[in-house]
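Only the coordinates and a few stated rules stand behind these numbers; no lab work does. Given the structure is predicted, the values throughout are model-derived calculations rather than measurements. Note that we place each Cβ from the backbone using ideal geometry, even for glycine, and neighbour counts take in every protein chain shown.
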């Protein structure tokens, strides 16, 4: 099947899927999953360089091309989406709009694949909008706040998208083509730096908005935090990666090093790229600091997505061979980790109906598999070996150190440390600690729900040990984009990843960790178990004073005294009065509303007199100008 | 003739200002009607008998009548 | 033959004043006949004229039937036909609608400046009548006053044109050498006179009140009449005055776009929101028209057609909702078909892919870029951004908010119509030529002054 | 001269529309503008020493510029009637406005605005 | 303050129009030979070579036109009438439609049921003189529109005069209610008749509103082909229409 046929039929199928799901959402969900499996096999079978044509739009051919980048990004996306599709087969019974969810999920898949396949800017835009539109319609299916979230998401995304569109047409107007590779050629030979930089930044802004890079990051918290729980996994794990893809296109597919070779800024990195790197670094700081503060576990991970988006951008932005590979690999790692984390949260919410960390606790015994999946995912997210998350971060650090970008490197390290803090908070608050009494009957979720998490975690672990299968397309991509094409980084025959300050042997490291783990487990079994004390006295009725005393007083609200309320209070106090970018954007939105009020007050008055006045005044102004 | 037109014009302007600024709506309508009637003179001066007769019948006559009747229906309208 | 487009609705309107109860079927009959007449004379691909009373132009009044007026008449009558299928909406207003149809056809077809003024006044008066439905008297009155002023200014412009050329015939006026100063006077006055019907800022104060006041007015005024008015903008400033005064229109249009969207954003009333959005879209169209080339004008009318179809659906649905529910939260859960049509239409308005608006919006931006105009696309994209805000907000509110207990019966015909039009919007995305072909022909016909003059003044053809 | 009168009248009418709070005055002002525009139109067709455009026994023949321009007069006939239509509709709307909002003074009307 | 702004803006408008006035020919100094109306006056539109005319070769009509003879293409002595009802008859159809639309609109807006009373007894003189004047007024109205093509006046003033008679009836009699059914029927059928005249022209002469009747002699009552018929139609229509408007504004909604 040609790629164009596939995409068109996927969009069409999604509409059919609505009616199937209307009859039985379960069949719809299963069909969705099967289609997802088919798509993965399809992606594996496709050979790079395949092209396909979608049709023509105002005289421009809409072309699709299958490259290493398409392969890599599609694979990552499909892994996440298919897991969520599997997850949804059971999870959807807690949802209000299962049929529409199925439809839009499939449509979004088609849109995302189209983005990765697009060979020209307009095709990319079309599928981009399809993905945005369909995901935007899933977001408000959540709780009350999700309605507002959808609007914020749509507007933020649109602001980036329309800048992109402007850039695309600017490029078209200047170079007469929309094809990405041809634009790249033209841009290299174009002498005008100003226009090139404008086009570059405009194109990148779609990616900035989508992958939640500062200053357009605020929608992540609202949208990821309030979207339907399982869909947050797709949002954070997959949709955000569309942004990374566009960033990669604008930085690497349009060879920024060559295009902007006349404006080097710092150790060979052009000013434009450095600007993006600075944005990425800012995102890391903001994402990390804000994530630490969150009590809502989904918002917490949403902010961590902001920070990780920053890592990806920094990695790609350096255009250093190892940094680039690190950044692209981080796409994979973060996608899997975020997807697992959100699915784990979805499972918790599915059972407990709350996403407040301070209301939860001790679920480790009730939901052990979810806990384990979560644990491994956060290890990967925090970048601790032996999970794959470490490798990408290590590669990014290597590049930063080599380029001598110490401030950025410092920020990246800071982000890593911060990530330990914030991923530990839900771990401690949700899974460890005391189990509130009301959750004493909570059960592990069904296998259909934990299976996708386990699969993803396993993949992540395997890649952490043996990253070469995934590094292969990344290396191919690097060759395609012509970033140090002679250099070889992944050396699978020696089990090595070659860095500048040393090589990394993932298998060896894993074995070391395995040994360490075994020793730790032996020590654990040798020492006596701690004794468990129930937080609520078992013989008391709920709500009655409890026989926990402090300072001679009864404690009426044990939740407040639970240690995961205000988990990092001391640390948070350090930046309590931080300036809020979110507020600034809200002010911007409010500005438009106020402008509306103002316009309404001035020009759309209830009395006809005012109209007459404006009509006459306009005539006079026109007269004055023209006469 | 020219002087007559000037006088008529002056009267029309006065009538128009009065029609616009009059306190009572009734006065205003009557001033408007007067304005229409004077315009009939202008039309005749400009050799437009057809227009004059139409303006006299329609503009000055019927419009005034319609406005007066509606004014009556509104029981004085917004004489505030 | 084309004079029948005006004669038939008029005749039927006169007849139905005698038998009032017949007005609804006669309205349907009139619009249906008109569409049949138009279809039998598909795209003339030349300029045909119909000299009224066999008085040849520039002496007598003539109707001009070329690709431009054909396409405009087709769109205008199509929306009347659609409206006539909705007896519940038409109510007692069959006669004003028939008159409006005759006037809109006349406005589109006429080749005479004063004649167009007469038809514009009929449009104003019938539109005011329609606007006063559901006791929306005050807004109708405002519209009447504003329309009256605009009419006077339009008339003054016409007289200036007559005094400086000695003719009222558009073709003759366009070829007569008008001195540049009187051209400025004429185009300034016309820009303002037409600005009211074309919803240009700041002459559009009536729009929200009239469109937001009842269910019938926006459906017909926001589609047919708006198309006719914007057609006249293209005809006058494109064909007759060769783009003189275009910069005024361009500036006003850009302001209109921003103001319209901003005002729409703050609106809490569904109908009024989209009334303002229709203002903004008119701004987009006028900005494109002011460019004066055939392609630009064709794209403008392509966009306008898409917008009109989308607005028809939106206003139809919104009118139903606003007058049947007190609380609109989640109403689409009860009316899924209406909801789907509304969403499709509103997304088409924004220009999301898969829907018709995408085709026109992108083409317009592209055309503007190719004319080295960087300001207009950025204004348009900014406007679209705001549009995304309120369109998504309304869609989310109407689909996902907690619903209330209120209930109303789903109108079957309206749902079907809305759904069909929504599907049309999707089809246009796939095959834009459905609208684009005609619109481009229209644009080219409007830009081709020479052909127009040639057709009107040298070939005198009465003919059926 | 006649032009001047009509232009000033238009100005007064516009002034009335802008300042008056009573909606009835708006109709009156609109009517003033209508009349003024009509005078303006007829004035554009005036020829000094021209005769009224009617063939009579006393004035048997045609020669250039012996008549005033009849076309503006014909237009004005139409314009007058159109003006009547507008005003009558406006007046009847006002009747209902008064019933609904209990006043026709912009400042005292109830339930208007937004 | 508001007034000041208003005065300023209105003064600006006046100034603008005065400036625009400079683009017009001076008052009274119009050269008709540049205008289409020269040929309306000479009534030789059909003999003009349009191609030359529009290109600036104004063919000044010089033919002697004699009152009371044949040879005109339009026979109404009143040139304004010949323009209104013949050369630009389509405008007039529009004009009739405006009035009709307005009447329909008023009917829909007011939608009254019961007659409004003036709350006082009409005085004796009014009542008696109405009885005497009424036929005279109506006669006068009819005269005006029947002679529209010969003398000043025509369908519109004639119809208005008839409506004035109806108004008089309303004023003089508290109980009087016009028969709306008749007036509507007259209005509708007369309007239709006008369109049918137009369609007849289309059928016989190939153009809408074509003058399909033979012309007579300028100055006689039965001349100018379809013009007097159309003016009568218009007169009756306007008369019934405006009577309807007068009746409608006298109607109140019950309750």
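Spatially, segment A:95-123 and segment C:317-332 are offset by 30 Å when compared through their Cα centroids.
When only Cα pairs below 8 angstrom with a gap of at least 6 residues are kept, segment E:79-252 shows a relative contact order of 34 percent. Shown is the FRET efficiency for residue E:55 and residue C:374, computed with R0 = 56 Å from the Cβ-Cβ distance and rounded to the nearest 0.05: 0.85. Taken over the Cα atoms of segment C:130-225, the convex hull encloses 94 Å³ per residue.
Computed across chain B, the Kirkwood radius stands at 13.2 Å (inverse of mean 1/r, all Cα pairs). Does a label point 7 Å from the Cα of residue C:327, set along Cα-to-beta-carbon, have any residues of segment C:379-411 with amide nitrogen under 11 Å, and which are they? Only C:402-406 pass the distance filter. Here the relative contact order of chain A, from alpha carbon pairs under 8 Å that lie six or more residues apart, stands at 12 percent. Alpha-carbon geometry of segment A:125-230: the Rg and the Dmax are 16.2, 52 Å, given in that order. Per residue, the convex hull spanned by the Cα atoms of segment A:478-529 measures out at 120 cubic angstrom. Here the relative contact order of segment B:12-54, from alpha carbon pairs under 8 Å that lie six or more residues apart, stands at 31 percent. Between residue A:40 and residue C:433, the modelled labels are 4.3 nm apart [label points 7 Å from Cα along Cα→Cβ].
Evaluated at q = 0.11, 0.15 Å⁻¹, the base-10 log of the normalised Debye intensity for segment A:329-429, with identical point scatterers placed on the Cα atoms, takes the values -0.38, -0.64. With R₀ set to 45 Å, the beta-carbon distance separating residue A:521 from residue A:9 gives a calculated FRET efficiency near 0.30.
Stretching the chain fully between residue E:179 and residue E:47 yields a gain of 42.6 nm (0.36 nm per residue, less the alpha carbon separation). The angle between the Cα long axis of helix E:180-205 and the main principal axis of chain E comes to about 20°, on a 0 to 90 degree scale.
Put simply, the Cα atoms of segment D:1-104 extend 61, 25, 16 Å along their principal axes, the longest span coming first. The label-point distance for residue E:121 and residue A:443, in a model that sets each label 7 Å from Cα toward Cβ, rounds to 9.6 nm.
Taking every alpha-carbon pair within segment E:2-54, the share separated by more than 12 Å comes to 75 percent. Each residue, residue A:353 and residue C:405, gets one label point 7 Å from its Cα in the Cβ direction; the gap between the two is 2.3 nm.
When every Cα-Cα distance of segment A:3-515 is counted in 10 angstrom steps from zero, the calculated P(r) takes the values 4, 21, 32, 27, 12, 3, 0 percent. Principal axis extents of the Cα atoms in chain C, from largest to smallest and rounded to whole angstrom, are 66, 57, 41. Available extension along the chain between residue C:336 and residue C:42 is 102.2 nm, counting 0.36 nm per residue and deducting the alpha carbon span.
Calculated FRET efficiency, residue A:486 to residue E:2, Cβ-Cβ distance, R0 = 56 Å: about 0.10 to the nearest 0.05. Compute the acute angle (0 to 90°) between the alpha-carbon long axis of helix C:294-322 and the principal axis of greatest extent of the alpha-carbon atoms of chain C; round to the nearest 10°. The helix C:294-322 is inclined about 40 degrees to chain C.
Stokes-Einstein diffusion for segment A:370-495, with the hydrodynamic radius set to the Kirkwood value over Cα pairs and evaluated at 10 °C in a medium of 1.306 mPa s, equals 93 µm²/s.
Stick to the Cα atoms of segment E:79-252, pair each with every other, and give me the Kirkwood hydrodynamic radius in Å at one decimal. Its Kirkwood hydrodynamic radius stands at 17.0 Å. At the listed q of 0.06 Å⁻¹, the Debye profile of the protein assembly as shown, built from one uniform point per Cα, gives log10 I(q)/I(0) equal to -0.65. Axis angle, to the nearest 10 degrees, between helix C:336-350 and the longest C-alpha principal axis of chain C: 50 degrees.
Normalised by residue number, the volume inside the convex hull of the Cα atoms of segment C:283-379 is 103 Å³ per residue.
The stretch between residue A:493 and residue A:58 holds 151.6 nm of extra length on full extension. This uses 0.36 nm per residue minus the Cα-Cα distance.
Remark: segment A:584-626 projects, on average over all directions, an area of 4.0 nm² (convex hull of Cα atoms).
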